[in-house]
Amino acid sequence: MGKIKFANIIFENSLQEDRHSRLFYRGSGQAWKDGETYLLSANSFFDFTTYFNSLSVAKLRLYTTASSFSLHLELRGGKCEIQKGRAGNFSHNGEFEKEEVSVPSSQEWQSFSIPFIPKESDVLLSFALKTHEEKVEVGQCYWELEVEGKEDTRLAIVSTTFKKEAYIQKTIKALKEDFFKDFGNCHLFVIDNGRSLDPSLGDENISIIANPNVGGSGGFARGMLEATKKEGEFTHVLLMDDDVEICPESVKRTVRLLSILKPEWKKAFVAGAMLNFDNQNLQMEDAGFMTKRGRFAPQKPVLGMDEVEGLVRNETFEPLEEMKKQGYASWWYCAIPVEEVERVGLPLPLFLRGDDAEYSLRAGAKIITMNSIGLWHMAFQVKYSAAVERYQVVRNVFAARFSTGFAPDSDFLFDMKNSIRLELKKFGYDNASLVLDGFEDFLKGPRFLSNPLRAQEAFKRANKAQEQMVDFSTLQARASDIPELQDFDVFSLSYQDIYFRRERMLPERIFDFASQNGQRFVKTRGEGYAVIPAEGWDYPASEIRGKRVLVLIDWFNQKGCIRTKDRERFDQISRRYERDMRYFKTHIFHLKSIWASAGMAFTTERFWEGYLRRAKALMEE
């Protein structure tokens with residue numbers, strides 16, 4: 001048995017300009033940095049039942065060999081009281097013991113180790129601190145665990161970036177200043193697909209590796225190759241997006257967690273949470289799963305991490321069997337044992353989107369999640385791209401299914417048809433065409449994905465072909481030329497104008513389904529216009545029905561576009577879909593054969609080393 005410092009008590013993410021303090025502490029007081037320590041305001045109450053500072057005791061007992069738990073505090077200044085706290089399944093707030101630990105005032109540092117004896121029903125352990133007439137200075141404070149043993153964990157952090165210098169430089173700075181000084185046996189590999197970073201950003205713990213633009217899957221494959229180049233150099237690979245904001249303490253806790261896992265969890269993937277970059281207390285997702293209807297989906301609902309109820313729900317959530325069977329850890333933050341990389345192989349060459357889900361399912365990975373392990377990322381609705389969601393997703397899920405048997409319970413044919421149908425109902429003819437572009441590129445066979453230049457060109461082509469959004473001034477100018485939009489004023493729109501929904505009656509639903517919004521069987525010209533959200537997955541059925549013109553508004557990025565009903569394009573796309581499905585059904589056995597053969601090669605080191613060499617040569621021509 002031995003002791004390990006597991007989690008530091010922190011008061012802010014020092015590199016975050018707009019900090020959300022309730023992720024760190026709650027109550028009446030304020031904390032501010034004073035050199036290497038923090039000062040807590042006088043006559044204040046601090047509740048540490050928070051995302052970063054409560055201890056996930058239920059998860060630790062499930063995943064690790066931890067058997068006892070204690071809180072270490074170093075304090076000086078005014079007198080204060082410490083209360084031990086906890087939260088269980090039905091907690092809405094931290095529940096604190098009446099008995100207090102009194103700390104007298106002192107100008108010298110005082111150290112305390114407070115043992116906790118958790119109840120079987122405890123989900124979180126926490127504490128509160130109450131100050132009086134004088135401020136209290138806080139030094140080293142952390143949760144300490146007694147464990148059966150601690151393994152040497154050496155983390156290779158891999159971040160693939162493409163011309164997002166501001167983000168990745170911030171990540172480099174954060175890890176340099178507040179991670180590598182404690183974990184010098186770890187390393188950051190920045191895979192620079194845009195070849196725009198200064199190599200001098202690197203040092204003994206950081207490698208800046210210029211790479212051809214082979215997308216996220218190619219960048220992460222390159223990082224995995226680097227991490228496994230020297231046998232035994234690293235024990236785990238942490239894959240991380242570039243357009244994120246990290247908290248170094250999360251990475252520290254990841255390393256410590258990996259070092260104390262029970263044998264049955266040592267091969268598991270750690271899925272870090274995606275917190276909302278703009279609403280920093282919201283957890284959008286940690287683990288995901290493939291639905292039976294063929295969609296990527298979060299296992300959990302959106303949760304507020306600034307409330308105890310959200311913290312408890314996050315830790316006690318038990319995935320349904322279908323979620324476990326087709327669950328995955330996304331690569332915005334995912335730690336994978338090197339032994340699993342060597343067993344499972346490398347990603348499929350999908351360029352971007354779906355490579356992480358396919359990899360988790362191919363590995364049959366168990367997934368670990370825990371409060372405080374995660375990062376901040378742009379919400380999907382802020383960065384919605386039809387080139388990704390309509391072209392890349394469709395092409396990649398079929399390529400993955402036929403290559404490695406990805407998500408056998410998911411109906412990707414249904415999802416493709418539904419995506420086309422949804423776009424056509426909303427007059428999104430360009431985006432519906434992208435769905436078929438993706439499917440047709442899959443039908444070309446695996447040689448299409450074997451060519452790195454084709455993959456990059458295909459994504460560029462999809463970006464060019466997708467519907468182009470314009471700023472509001474340009475949108476208003478275009479609206480002035482359309483008769484139906486003479487009373488339209490984009491600058492007077494409210495959120496309600498865009499997102500309001502009314503219920504449809506059953507006859508309306510039947511008509512809309514049968515006619516595809518007046519474009520099939522019963523064909524109508526349409527009248528007037530509607531304003532709807534730009535997100536591709538949104539279906540404002542009651543608002544669009546019977547309309548001739550639709551104005552799509554991207555609320556978050558303040559852009560928009562105008563669509564006009566075009567029954568001729570509807571017919572063209574419908575005939576194209578039917579032709580593609582005939583080809584697919586006729587050639588399905590051949591497609592299964594060639595893709596399955598390619599799948600065995602796609603995930604090997606030999607394939608990827610050759611793929612990266614060809615990519616470099618092609619892009620230097």
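The values are calculated or read from the model by the stated rules, or taken from the named source; none is laboratory data. Note that the structure is a prediction, hence the values are computed from the model and not measured. Counting neighbours? That spans all protein chains shown, and the Cβs are built from the backbone with ideal geometry, glycine included. Please note that ligands, DNA and RNA were not included when accessible areas were found on the heavy atoms of the full protein model with its side chains. Shrake-Rupley method; radii C 1.70, N 1.55, O 1.52, S 1.80 Å.
A few comments on the model shown:
- Apolar share of the accessible surface for region 333-477: 50 percent from carbon plus sulfur atoms, 1.4 Å probe.
- Cα gyration tensor category, rounded, prolate or oblate, for region 24-133 with a/c compared to 1.5: prolate
- Region 79-206 - share of DSSP beta bridges that are antiparallel (%, nearest 5): 70
- With R₀ fixed at 35 Å, the C-beta to C-beta distance from Glu233 to Leu618 puts the FRET efficiency at about 0.70.
- Relative to the longest principal axis of the Cα atoms of the chain, the long axis of helix 215-227 lies at roughly 40 degrees.
- Restricting region 522-563 to GluC sites (Glu not before Pro) in coil, as DSSP defines it, with at most 13 other Cβ within 10 Å: Glu527
- Compared with the dominant Cα axis of the chain, that is its longest principal axis, helix 165-178 is turned about 20°.
- Taking the DSSP bridge list for region 498-621 and keeping only pairs wholly inside it, about 60 percent are antiparallel.
- Gain upon complete extension [Ser68, Ser21; 0.36 nm per residue less C-alpha separation]: 14.1 nm
- Each peptide among 140-147, 287-294 gets the average number of other Cβ atoms lying within 10 Å of its residues, and from highest to lowest they stand as 287-294, 140-147.
- Measuring between alpha carbons in the structure, the pairs from Lys417/Lys559; Lys181/Lys616; Lys292/Lys383; Lys229/Lys592; Lys383/Lys616; Lys252/Lys383 lying more than 31 angstrom apart are Lys181/Lys616; Lys229/Lys592.
- Inter-label distance for Lys181 and Thr474, nm, one decimal - labels placed 7 Å from Cα along Cα-to-Cβ: 4.7
- Region 479-556 and region 205-259 have Cα centres lying 45 Å from one another.
- The distance between label points at Glu527 and Glu309 comes to 4.5 nm (points 7 Å beyond Cα on the Cα→Cβ vector).
- Taking amide H atoms as placed 1.01 Å from N in the peptide plane, the amide H of Leu282 lies under 5 Å from those of Asn276, Met305, each 5 or more residues away in sequence or on another chain.
- Note on the chain: antiparallel DSSP beta bridges, both residues inside, total approximately 75 percent of the bridges counted.
- Which label in (1) 2.05; (2) 1.06; (3) 1.52 gives the computed Cα Rg over 2.2 N^0.38 Å: (2)
- Straight Cα distances below 29 angstrom link Lys98 to the lysines Lys3, Lys5, Lys59, Lys79, Lys84, Lys119, Lys130, Lys135, with same-chain residues fewer than 8 positions distant left out.
- Taking the helices alone, the chain has a mean residue ellipticity at 222 nm of -10500 deg cm²/dmol, built from -39,500 (n - 2.57) per DSSP H run of at least 4 residues and averaged over all its residues.
- Solvent exposure ordering (accessible area, 1.4 Å, most first) of Thr65, Thr564: Thr564, Thr65
- FRET efficiency for the pair Asp566 and Ile588, taken as 1/(1 + (r/R0)^6) with r the Cβ-Cβ distance and R0 = 30 Å, rounds to 0.40.
- Note on region 197-294: with neighbouring protein chains present and a 1.4 Å probe, carbon and sulfur make up 47 percent of its accessible heavy-atom surface.
- Counting only alpha carbon atoms, the long axis of helix 567-602 and the longest principal axis of the chain meet at about 60°.
- Loop GluC sites (Glu not before Pro), region 411-510, which have at most 14 other Cβ atoms in a 10 Å radius of their Cβ (DSSP): Glu503
- Segment Ser111..Lys173, full-extension length gain: 19.2 nm, with 0.36 nm per residue of separation and the alpha-carbon distance subtracted.
- Accessible area (Å², 1.4 Å probe, nearest 10) - His187: 30
- Of the trypsin sites (Lys or Arg not before Pro) in region 500-544, those whose Cβ has at most 10 other Cβ within 10 Å and which sit in DSSP loop: Arg502, Arg525
- Averaged over its residues, region 58-192 has an accessible area of 47 Å² per residue, based on protein heavy atoms and a 1.4 Å probe.
- Solvent-accessible surface (1.4 angstrom probe) belonging to Phe500, in square angstrom, nearest 10: 110
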